[in-house]
Amino acid sequence: MPDLITSRDNPLFKRLKKLAESARERRETRRALLDGEHLIEACLAAGGQPLTLLASASCAPAFWQKIARRCADAKIATLSDSLFAELSPVDSPTGVLAEIAWLSSAPREGTPLVLLLEDIQDPGNLGSLLRSAAAAGATLAVLSKGCHDAWSPKALRGGQGAQFVLPLLLRADLAQWIQSQDVPVWALALGGEKPLFELDLTQPAAILVGNEGAGLSEEILPLATARVHIPMPGKIESLNAAAAAAVALFEAVRQRAAG
């Protein structure tokens, strides 16, 4: 086992602590911190390779060595449990963390299915949105400058590997993107004039989703082809952003499979 790091003044710990806490640091270095075997395996399956592999002092050697064997080029370090807990985004750390370089997915071919996100603030919601888009085979996700960091530890956990396989356009000018593309934009909005299930989603489509509380802005909403609502016969006023987007994305999947 590598030497145990116990000091907060250790240069590696200080660097990774900054990476875990700072969106700016992640943007400038184009690196991220993964928590747990599942995310590390998803990264490896997508062709990524950890730069640094970290184990907690109490982590079973057989567990982290199994992962280390697949990360031959990674620097390996062991942290005291208290330092490891400071880096981990969860209350019950798994015992393994990995520093990675951001993966860049090539644009997907086929009929465009784009997810447009305006100012999604909750990292769990953002991760869920990206996860649904990846599962639906979306060709691109476009995130406005006001969205939470897609590569934050909590968004990565919510995405469960989506960030490794879904093409992302980050910190985008949504208005400019919409105006520069020849793709119908369907805005999910309460009181929308068109029911989702009457749209022809076999054609190129962009699904536009707004902020969890404020919805879509007055700047963006008029740029949409139409406002769309999801029929809800139950006594609930609305779905949250992640659930609404999932319904719309998989309606596109259903239509395209049937066609």
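The values are calculated or read from the model by the stated rules, or taken from the named source; none is laboratory data. Keep in mind that this is a model prediction, so the values were computed, not measured. Every residue, glycine among them, receives a Cβ derived from its backbone with ideal geometry; neighbour counts consider all protein chains shown. Each accessible area value is taken on the protein alone, full model and side chains, heavy atoms only, with ligands, DNA and RNA left out. Shrake-Rupley method; radii C 1.70, N 1.55, O 1.52, S 1.80 Å.
Assorted remarks:
- Meets criteria (modelled with pLDDT under 95, open to solvent by 20 Å² or more (accessible area, probe 1.4 Å), of a type outside the set (V, I, T) and farther than 25 Å from E99 by Cα) for E198: no
- Which listed residue, of Q181, Q176, is among the polar types (S, T, N, Q) and out of contact with any strand residue (DSSP E or B) (no Cβ under 8 Å at 6 or more places or on another chain): Q176
- Residue that is modelled with the highest pLDDT, among those in the range 158-174 that are buried (at least 18 other Cβ atoms within 10 Å of the Cβ) and part of a loop (DSSP other than H, G, I, E, B): L166
- Subset tally (residues that are closer than 19 Å to E193 by Cα, in a helix (DSSP H, G or I) and within 26 Å of the chain's Cα centre (by Cα)) for the range 213-259: 10
- Selection status of L115, farther than 17 Å from A162 by Cβ, in contact with a helix residue (DSSP H, G or I) (Cβ under 9 Å, 6 or more places away or on another chain) and in a strand (DSSP E or B): no
- Selection within the range 175-195 - modelled with pLDDT of 95 or more and touching a Lys or Arg at 6+ places or on another chain (Cβ under 7 Å): A187
- Some residue of the range 38-58 being open to solvent by 30 Å² or more (accessible area, probe 1.4 Å) and at positive phi: yes
- Residue in the range 221-232 that is most open to solvent (accessible area, probe 1.4 Å), counting only those that are under 19 Å from L113 (Cβ atoms) and hydrophobic (A, V, I, L, M, F, W, C): L223
- Condition met for S128 (surrounded by 21 or more Cβ atoms within 10 Å (Cβ to Cβ), more than 9 Å from the chain's Cα centre (by Cα) and in a helix (DSSP H, G or I)): no
- Test for R26: is it of a type outside the set (F, W, Y), more than 15 Å from L83 (Cβ to Cβ) and surrounded by 14 or more Cβ atoms within 10 Å (Cβ to Cβ): yes
- When Q121, Q179 are checked against the criterion of being in contact (Cβ under 8 Å) with a residue 40 or more places away in the chain and either among the β-branched types (V, I, T) or under 30 Å from A45 (Cβ atoms) (or both), a single residue qualifies: Q121.
- Index of the failed condition, A138 passing every other in (1) open to solvent by 10 Å² or more (accessible area, probe 1.4 Å); (2) of a type in the set (A, V, I, L, M); (3) touching a residue at least 60 places away in the same chain (Cβ under 8 Å): (1)
- Check on T225, at pLDDT 95 or above and more than 28 Å from L39 (Cβ to Cβ): yes
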